[in-house]
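The values are calculated or read from the model by the stated rules, or taken from the named source; none is laboratory data. This one's a predicted model, so the numbers in the text were calculated from it and none came from an experiment. Neighbour counts are summed over all protein chains in view; Cβ atoms, including those assigned to glycine, are modelled from backbone coordinates with ideal geometry.
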Amino acid sequence: MTQISRYQVILMLVWVVLGTGILTMPGTIAQFTVHDAWLGAPFLLLGGGLSAGVAWVHVRLFPGLTLTQAVRAALGPWIGGFLAAWLCLWLLITTATVGREMSAFVTVATLPNTAEYVVGAAAFACVAYLVHLGIEVVGRVNEFIMPLVLVIVPILFVLALRWFDIAAFQPVWAEGFTPIWRSGIVPAFAYGLEFVVALQWVPALRTPRTLPLDILIAAAVSSLILTVLVVETVGVVGWPVKYMNYPVLEVVRAIRLGKLIERLDTVYAMGVVAILVLKLSAIHLSLCRALQDVCGTQDARWAVLPAAFAVWAASYFLFRNTAGVTAFILSVVPGYFLVTAIFLPLLSSAAAWLRRKPWRRTAAGRL
Amino acid sequence: MNGVVGMGLALLCGVLQWRFLLRAKEPGAKTARLVWCVLMGAGMVAAFVAGRQDFPSLRPLGWLETVFAPLTRWLYEVG
Amino acid sequence: MRRRQGPTPVPQQAERAAAELERRLMPCPDLRQQSLAVAGRTAVIVWLEGLVDEQRLQIGLGAFAAGGRDAAQPGWWERLGLGQGRATAESRRGPVPGGRSPLLPMRSVRHMEAAVEAVLAGNAVAFLDGEPFATAWDVEKSPGRTIERPENEPTLQGPQEAFTENLGGNLALLRKRLKTPGFKAEPWEFGERSHTQAALLYIEGITKPELLDTVRRRLKYVHVDAVVDLNVVREYINDAPFSPFPTTEETERPERVVSSLLQGRVGLLIDGSPNCVMVPVTLPMLLNSPEDYYMRFALALPLRLLRHLMFWSAMLLPSLYVALLTYNQDLMPTPLLVSVAAQHTGIPFPTVIEALAMMVAFEALREAGTRLPRAVGQSVSIVGTLIIGDAAVRAGLVSPGMVIVVAATGVASFTLPALGLVQVTRLLQFLFVSVAALMGLYGVVLLAVATVGHLVSIRSCGIPYMSPLAPTVWSDMKDTVVRAPWWAMRQRPRQFEPLDSRRAKGRPGQRQKRWWAR
Amino acid sequence: MTRAWARCRAWLSSLLLTVSLTAGCADYTEVDDLYVMTGLGVDVADDGRLRVTADIINPDASQSQQTVGTGGGSQTPDLVVQTEADSLEMAIDNVQRRLPHRVYLSHNAVVVLGEGIVQRQLQPLMDELERNRSIRRSELLIMTKDRAADVLSARVVASVSSALRLQDVAEQAADWSPVLRSDQLHVMRSWLSPSGTSAMIWIDMGSQGDPIVRGLALVTREGRTLWMDAKEWRGMLWWLSSTRGLLDSVACPKPHGAGSAGGGRAGEAAGHQGEDGLTRLDRTVSIHWLGTRTRVRWAGTAQKPWFWVEWRGEGGVERGCASMRLDADEYSRLEAAAASLVRTEMQAALQRARRAGVDAMGLQNALYQADAKAYQTLSAHPDWWQTAPVRYDIRARLVRSYMVTHSPFGEYAREEQKKSLGAGGSGR
């Protein structure tokens, strides 16, 4: 049985959020407020807290079970089966959204003439390979990439500080709480609830009972990083952050060191690609695990390729253009995720708690 | 072109999982094979449709929007 | 070993027995026979010339001669050849009976087949009239080199002895460094025809038993007719046979074997091969040079960092250059771009073709340099790099930048201490250049992520290949990228799960005071 | 069977993947197939379209530089191509039509904007520049009163493309004040601030046909432009940011007790003319401002708006009056004189900006950042900043007089002064 450590889980979760968070989140937040954008980023903790709560209930009621297994066990083959399929669809749509964001980013940032679906196919090939090798490998790749990130990110950060202007944050709290809350919706309910995908990894965790705490730690780390990122972005780019697609990319584009370094944005884009592949792999793992649970097979390898193919196709089928992705994230995802990632697991937990049948141990033993 | 690439990739997946498709005997293999075919088929259709420029503007996620957009709007308003 | 018929007993007439033996080995010009009379009976002694030590042969012959009258008594021969263990035990107890040499244990051989094997193994075999057995004593001195300096793993400091092709000698090199009864050399034999001797090395009380079992289980799978080199066995015990990355470590330096045994690893020495295989191994270990341990620890850090950097450069440099030149020209400073573009104008090939051609040419030169006799080889590589490279640039076939990049890649790969890794980088750089030509940096990044995925997925005898980097084992980082000073490395690496994890037994749990703080 | 199949499968899959990825070659461009564009000039043509000038590095020239011996002296380092079109991209397309290689925008270092373009087409132009990914965000925006085309095609040095030279010139100027490093990021940032004005470096053709830094152009997002040449830009630079190494000349302070402590005003200093009408340099002190910094602060209320300006500067005496002997008293008199001069210059700059209706000082920004409510109240009267009073707190500090303590001919001058004062009967 492959098992992954807490450190690996936390890293995977951090990248699950920051993978696209680093790409678009400062811009999404700045849609509602610019001066107070840095106050919107910590709302990620709210979502992380909710996810941790769900995880807390889950690991106590269904020890050793994935979310899809738990739903089926608690609600029976018909309702449970339907809800498990619903979860599969949720994971598929989420992966497709991320995939589309990624290929759109790559075509905008470095390969303008290449067809988006080719870019996506290459990325999904890489993702499928990693997922095929298993969750342990994904966790280790996260660990391996971490030191590189720790070296590169601070350098970019410090280089960009030269253009930092504190005036972009004044006046503080000028427009009241409403815009801050609105700017916090997407971090809280779209990104913060993505932590729930970790419930699909429960059987592979070395210490499943610490999962809620791990989610909280990951949420704290990623909201800290995100806040720093938002502060830097708003401080450097200023008001224009409101109309930018990839504000952090713009920060990196501003970096210039005499005649030696004139552009670094491609380097940044490549870093983001690596992180996005990890994010896609993490969610894809959950998707494949869900498919495995739905079919009741012994491993999930068979699902890796068809799921990757379906996600690849879906990412171009579901969204007409990048505006479609943005609109989806802004206006549908918070509600969708809230229902799917919070209410649905809570529903199955409640059902399990009400029925109080001693299936807990047998289910854990059987599945 | 999208569809052609999709076909190629589907073929590739089929080649790679040849063995699984033909003679997997583990429990659940039948359902798994069905799911495999559904995912592949849906993927192929989606790839073809996505590649057609002249296709009327589809909104495959419209139903999600109808269901969840009000909830999201409420979230925005509650502050 | 299969036998078609039952064993043939040794004939009682010495001459007949010797003739029978000769018949079985025919044609065999190096077979020597010597008849002599021992206590009135004829004895024939047979050996293979060149495989034996003349001096020890003489001692053995002397032993027969010294038997004198005793030799005529019944049972003398029998006692003489009681076998190694018994004889030495006896000799320890009392005076050596006449004609017995404590240095030269003798044993009795009762079948012709065994006698033939004994002769082939470098024994002298004596037949005596009237006895239904032969007496064999080991006088083997197989031809071989003397101990020389390590050629493939040279260091400036540290010990300068290397293994030879002689198993016993190699074991002796280890024994003299490791005087503990815990050091075990488990005898193995491979090859149905070659009967190659091997020794599985470990230290009892340190090495994890499960690891030993794993290795033993894999060694049992080795079914070949001859083991002419280590590699035969190595390929059998490899964890990831389809991976280009080496999952075993080889060395010709005895002190490296000793230190790796002390880490809780397992070694395998094979007769006829001047290298020792060590398992398990991790990638960071393959990037460590023995020199790191023989110089001050603070100086080892930058060198190791450099080697880690060079490992990735050796794989990625040409592909990065191709990607920069064909896809991501925006990353270059303007003056550099202008000068590179100017260099490239007029060259008839696309950058990728140019790169691939140069890399192939470089590999060919490197191969030529290795295969040719040393004196010629050096001049060939110099001629190749200087003259051919310069001529190609002048002829406008390749750009100077490409020559620089390919040469730099070669230099980077030369810094790697493990030969297996060098081969991997040579192979993978072609793959990386191909994806760079397809998708630029994007392709390179994706392939790099996949490569990292592959690297972390393989294991060496159950140990993850990239540990302690991924999975992260913080306590083992002491000897990964940095090398902590020896006094700080009190624990053996945790990744091998040694039975006894403490290196030095100071007072437990108490930090030793430094001499300056006393 | 299985082993063979595995090998076959691996080959087949990599083959298929490669084939499907060859579509990725769409962005493959050989490096010698590029025409690297380093500068872009935009003017308005007579019919209102854009007249775009592209400055492209001439690969043949750089190649002939590399190969020693082949005389490529006749080749210019860059190609300057001009076209007219409705938009920047279209213009670049037009340029492309004339050239055998791909025009590569990613190395563009400067964009020269003509006066007309800012007045008439600023917003669509900036929209395009902001949108285009290959254009650098760190490129310099340069204003010119001449035609951008002329500034870009000025040929001074034979080895460097004129755009790169322009970049160097502007970078040098940025040593005085970071405002002069007017890159796209900063310019857009200030345009979108409440004041809506950004400062850009102003480069024109000099009399010898070489581009020189004329001064500062202050452009509102509506396209109004206020030009300040190097004679009057000090006041403006002091308002805008910290500066380094600016030079100023102050009238010689009168000896102690003789006249007001105010010393010279700017006009006085500049107009210190002798009887023959020429400037008498020996009656002014030249000051090298080593470093200055300014803070503009909102200090009023929505009903009584006013600003507080804090200026601190450190300087050295580059050239003194002949009669001056620098002791502590003399230093403090000189400092007072300098402060007064700075104040005058800043006031003058403010006056000009207010007259032109250009909030170059960022007064609205200062208010907005301090008090968003008051800003909203005052937005009802968009002209409030033009009348709001400003109080100055200006402190100059002179720290050194370089290698000498007083003028070399000071002794003679003082003797003469004594004589004249003695004759006047009011000597000390």
Index of the failed condition, A:Pro77 passing every other in (1) in a helix (DSSP H, G or I); (2) at pLDDT 90 or above: (2)
Need pairs with beta-carbon distance below 9 Å; first residue in contact (Cβ under 8 Å) with a residue 40 or more places away in the chain and within the range A:37-54, second assigned to a helix (DSSP H, G or I) and of a type in the set (Lys, Arg); sequence gap 6+ or separate chains. A:Gly40/A:Arg182
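Among the residues of the range D:325-343, are any in the same structural domain as D:Ile287 (by TED's automatic domain parsing), more than 30 Å from D:Pro408 (Cα to Cα) and not aromatic (Phe, Trp, Tyr)?
There is at least one residue in the range D:325-343 that is in the same structural domain as D:Ile287 (by TED's automatic domain parsing), more than 30 Å from D:Pro408 (Cα to Cα) and not aromatic (Phe, Trp, Tyr).
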Going residue by residue through the range B:10-33, is there one that turns out to be within 25 Å of A:Gln298 (Cα to Cα), free of Cβ contacts under 8 Å to residues at least 24 places away in the same chain, of a type in the set (Lys, Arg) and assigned to a loop (DSSP other than H, G, I, E, B)? yes
Filter the range A:125-153 for residues that are over 19 Å from A:Trp201 (Cβ atoms) and either among the aliphatic types (A, V, I, L, M) or over 22 Å from the mean Cα position of the chain (by Cα) (or both) and give the result. A:Ala125, A:Leu148, A:Val149, A:Leu150, A:Val151, A:Ile152, A:Val153
Across the range C:456-477, what is the total count of residues that are assigned to a helix (DSSP H, G or I), more than 8 Å from chain A (Cβ to nearest Cβ) and surrounded by 18 or more Cβ atoms within 10 Å (Cβ to Cβ)? 1
Grab the strands (runs of 3 or more DSSP E) fully contained in the range C:218-331, keeping just those with 2 or more residues being among the acidic types (Asp, Glu) and within 17 Å of the chain's Cα centre (by Cα). C:249-251
Counting only residues in the range B:1-13 that are surrounded by fewer than 16 Cβ atoms within 10 Å (Cβ to Cβ) and more than 8 Å from every other protein chain (Cβ to nearest Cβ), the one farthest from A:Cys126 (Cα to Cα) is identified as B:Val4
Would you tally the residues in the range D:338-379 being in a loop (DSSP other than H, G, I, E, B), within 13 Å of chain A (Cβ to nearest Cβ) and under 16 Å from D:Leu240 (Cα atoms)? 1
Search the range A:239-256 for residues being of a type outside the set (Phe, Trp, Tyr) and in contact with a Leu (Cβ under 7 Å, 6 or more places away or on another chain), and hand back the single one that is farthest from C:Tyr327 (Cα to Cα). A:Pro240
Of the conditions (1) touching a His at 6+ places or on another chain (Cβ under 9 Å); (2) closer than 23 Å to C:Gly410 by Cβ, C:Gln329 satisfies every one except a single condition; which number is it? (2)
Failed criterion for A:Val241 (all others in (1) within 17 Å of D:Leu185 (Cβ to Cβ); (2) within 9 Å of another protein chain (Cβ to nearest Cβ) hold): (2)
Considering only the range C:177-188, state which residues are over 16 Å from the mean Cα position of the chain (by Cα) and in a strand (DSSP E or B). C:Phe183, C:Lys184, C:Glu186, C:Pro187
What number of residues within the range A:97-127 satisfy the criterion of being of a type in the set (A, V, I, L, M) and either at the interface with chain C (Cβ under 10 Å from one of its Cβ atoms) or not in a helix (DSSP H, G or I) (or both)? 10
Any residue that is within 30 Å of D:Glu115 (Cβ to Cβ), modelled with pLDDT of 85 or more and not charged (D, E, K, R) - is there at least one of those in the range D:20-35? yes
Looking at the structure I just gave you, is A:Glu143 in a helix (DSSP H, G or I) and farther than 21 Å from A:Val339 by Cβ? yes
Top-ranked residue in the range A:247-260 [being in contact with a helix residue (DSSP H, G or I) (Cβ under 8 Å, 6 or more places away or on another chain) and over 21 Å from A:Val108 (Cα atoms); ranked as farthest from the other protein chains (Cβ to nearest Cβ)]: A:Leu257
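Residues C:Ala185, C:Ala199, C:Ala172: which one is at pLDDT 90 or above, more than 25 Å from C:Gln495 (Cβ to Cβ) and of a type in the set (Gly, Ala, Ser)?
After ruling out the rest, the residue left standing is C:Ala172.
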Any idea which residue in the range A:167-200 is nearest to the chain's Cα centre (by Cα), counting only those that are of a type in the set (Val, Ile, Thr) and within 12 Å of chain B (Cβ to nearest Cβ)? A:Val186
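Do you know which residues across the range C:294-345 are of a type in the set (Ser, Thr, Tyr) and either more than 21 Å from C:Phe432 (Cβ to Cβ) or touching a strand residue (DSSP E or B) at 6+ places or on another chain (Cβ under 7 Å) (or both)?
Matches in the range C:294-345: C:Tyr294, C:Thr334, C:Ser339, C:Thr345.
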Unmet requirement for A:Val311, which otherwise passes all of (1) under 22 Å from A:Phe195 (Cβ atoms); (2) surrounded by fewer than 24 Cβ atoms within 10 Å (Cβ to Cβ); (3) within 13 Å of chain B (Cβ to nearest Cβ): (2)
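Examine the range C:492-501 for a residue that is crowded, with 17+ Cβ neighbours inside 10 Å, more than 29 Å from the chain's Cα centre (by Cα) and either in a loop (DSSP other than H, G, I, E, B) or within 14 Å of another protein chain (Cβ to nearest Cβ) (or both), and state whether such a residue exists.
no
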